[in-house]
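The values are calculated or read from the model by the stated rules, or taken from the named source; none is laboratory data. Keep in mind it's a predicted model, so treat the numbers as computed, not measured. When we count neighbours, we look across all protein chains shown, and the Cβ atoms used for this are built from the backbone with ideal geometry, even at glycine.
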Amino acid sequence: MKKATIAINTKLPRQDAYGAIAMPVYHTAAYEFETAKDMADAFCGRVLAPDYSRVMNPTVMHLEDTVKALTGASNVFAFCSGMAAITNALLVFAEQGKNIVTSHHLFGNTVALMNRTFTRFGVETRQIDLLDLDAVRDAIDEHTACLYLEIVTNPQLEVADLSALADIAHEKGIPLIADTTVIPFTHFSAKQLGVDIEVVSSTKYISGGATSLGGLVIDYGTFPVVNQRIRFELLFNVGCYMSPHAAYMQSLGLETLDARYRVQAQNALTLAKRLKEEVVNAQNENRPARGLVKQVNYIGLEDNPFHELAVKQFGETAGAMLTIDLADRKACFSFIDHLQLIRRATNLFDNKSLAIHPYSTIFGNFTDEEKQAMDVRPTTIRISVGLEDVDDIFEDIAQAAIHESKN
Ligand SMILES: *Cc1c(COP(=O)(O)O)cnc(C)c1O
């Protein structure tokens with residue numbers, strides 16, 4: 001079956017007592033057993049049955065099973081946020097004296113998790129240019145725990161060459177962990193590109209309507225320690241399993257993910273092309289572009305330096321995140337303040353279009369030097385393109401920009 005079908009038709013873990021067609025929400029902390037032996041078997045992991053909802057819950061398991069069916073993963077673990085998923089995936093491998101090899105271009109809290117939190121526990125982070133494969137090879141040594149990256153970085157929109165980086169990681173005997181939040185797993189296979197463990201913020205595309213937070217660790221089974229540690233150690237001891245209510249909402253979101261994503265990715269491409277055309281025409285006519293948009297960045301545009309690689313890895317769609325650059329921070333603030341349709345909000349891939357100035361928000365607590373090292377510019381606005389009619393999204397950007405140019 002195709003992904004769109006699997007997403008709606010994954011069987012419930014058990015026949016429901018009432019034949020419920022939607023997965024019921026099992027709002028229970030604990031589960032009763034028939035016998036002492038059944039109880040012992042569940043607690044010791046000899047039988048995979050829920051005993052306590054910090055570790056396993058039928059509603060969450062249904063979401064995990066659906067993702068497993070969609071990705072071909074060996075194990076899927078659902079957590080209460082994307083950050084919880086990332087933390088748990090890294091905790092499998094990171095320990096005192098080890099290092100994580102990664103990029104300068106990372107989600108703000110992921111950088112902070114590595115450089116601030118993990119550093120206190122004796123784990124070093126080596127941030128390098130992942131486009132330089134020799135530098136990657138050189139950075140990895142016998143103490144390297146894993147190679148970690150984001151498939152399309154945010155807000156720089158740098159695309160990692162997954163197969164090449166997976167080859168290097170595997171030569172060195174370490175896993176490649178990839179944050180694949182920005183391109184849904186219904187549209188590309190991280191497994192086929194050599195990724196060992198995928199981490200996803202399911203708050204984004206999967207929840208869809210910004211209904212709930214969630215995160216997934218999608219384990220392809222190449223490093224058996226992942227299943228061992230997460231299932232039998234971290235879920236118990238760290239305790240950030242997804243709640244049944246969030247799993248219910250995210251299962252609903254997952255059912256429509258494929259359809260929503262197609263529209264959002266198409267809207268993003270149309271919007272990027274129109275904005276680009278506007279910028280190019282303005283340059284040719286030697287006049288300011290509508291909205292003072294100086295630059296449009298989207299990996300779906302043919303002139304984007306990563307376009308070819310993006311097509312090779314992700315197929316015909318290129319996600320729903322694009323960025324525009326304006327003259328300076330002041331122009332960005334004025335532009336954002338004049339938006340009437342696009343929401344001033346963080347988050348990505350909501351049904352609604354969203355705009356944010358990453359420099360002053362997501363990266364607001366980093367120093368200017370840190371931001372420069374991460375290529376986060378004060379001139380950049382990130383736009384997450386939603387499900388509205390693309391004409392309306394374009395007009396909103398155009399009017400906010402014109403407004404600015406009059407100031
Ligand atoms: C949002 C996001 C996260 C963090 O996910 P939360 O669900 O907000 O904890 C991690 N990585 C990327 C790429 C994200 O966009």
#### Entry: Pick from segment 170-182, criterion crowded, with 24+ Cβ neighbours inside 10 Å and hydrophobic (A, V, I, L, M, F, W, C), ranking: nearest to the ligand (Cβ to nearest atom)
VAL182
### Message
Which condition from (1) over 27 Å from ARG116 (Cβ atoms); (2) at pLDDT below 95; (3) not acidic (Asp, Glu) is the one that PHE363 breaks?
### Response
(1)
### Query
If only one of ALA7, ALA94 is within 25 Å of HIS245 (Cα to Cα) and of a type in the set (A, V, I, L, M), which one is it?
ALA7
### Query
How many residues, within segment 231-254, are more than 25 Å from ASN351 (Cα to Cα) and hydroxyl-bearing (Ser, Thr, Tyr)?
1
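Somewhere in segment 198-211, is a residue within 13 Å of the ligand (Cβ to nearest atom) and more than 25 Å from TYR298 (Cβ to Cβ)?
Among the residues of segment 198-211, at least one is within 13 Å of the ligand (Cβ to nearest atom) and more than 25 Å from TYR298 (Cβ to Cβ), which makes the answer yes.
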### Filter result (in a helix (DSSP H, G or I) and either surrounded by 15 or more Cβ atoms within 10 Å (Cβ to Cβ) or under 21 Å from the mean Cα position of the chain (by Cα) (or both)) within segment 361-384
LYS371
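When you check LEU193 against the structure, is it out of contact with any Phe, Trp or Tyr (no Cβ under 8 Å at 6 or more places or on another chain) and either within 12 Å of the ligand (Cβ to nearest atom) or assigned to a strand (DSSP E or B) (or both), yes or no? Lay out the reasoning, then the answer.
Values: out of contact with any Phe, Trp or Tyr (no Cβ under 8 Å at 6 or more places or on another chain): yes; either within 12 Å of the ligand (Cβ to nearest atom) or assigned to a strand (DSSP E or B) (or both): no.
Here the answer is no, as LEU193 does not meet what is asked.
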### Task
Looking at (1) part of a helix (DSSP H, G or I); (2) closer than 24 Å to THR346 by Cα; (3) touching a residue at least 60 places away in the same chain (Cβ under 8 Å), find the lone condition where THR323 falls short.
(1)
### Message
Yes or no: segment 257-277 includes at least one residue that is in contact (Cβ under 8 Å) with a residue 12 or more places away in the chain, under 23 Å from PRO13 (Cβ atoms) and of a type outside the set (Phe, Trp, Tyr).
### Response
yes
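Rundown of residues vs (1) more than 22 Å from TYR205 (Cα to Cα); (2) buried (at least 22 other Cβ atoms within 10 Å of the Cβ); (3) at pLDDT 95 or above; (4) in contact with a helix residue (DSSP H, G or I) (Cβ under 8 Å, 6 or more places away or on another chain), yes/no style:
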position: ALA29; (1), (2), (3), (4): yes, no, yes, no
position: ASP38; (1), (2), (3), (4): yes, no, yes, no
position: VAL47; (1), (2), (3), (4): yes, no, no, yes
position: PRO50; (1), (2), (3), (4): yes, no, no, yes
position: LEU63; (1), (2), (3), (4): no, yes, yes, yes
position: ALA85; (1), (2), (3), (4): no, yes, yes, no
position: GLN96; (1), (2), (3), (4): yes, no, yes, yes
### Message
Give me the residue from segment 212-235 that is closer than 22 Å to SER251 by Cα and either more than 16 Å from the ligand (Cβ to nearest atom) or in a helix (DSSP H, G or I) (or both) and, out of that set, nearest to the chain's Cα centre (by Cα).
### Response
ASP219
## Note on the structure
Listed by range, helices (runs of 4 or more DSSP H) wholly within segment 49-143 having at least 2 residues that are within 18 Å of GLN228 (Cα to Cα) are 58-71, 82-93
### Query
Does at least one position in segment 227-248 carry a residue that is closer than 21 Å to MET321 by Cα and surrounded by fewer than 23 Cβ atoms within 10 Å (Cβ to Cβ)?
no
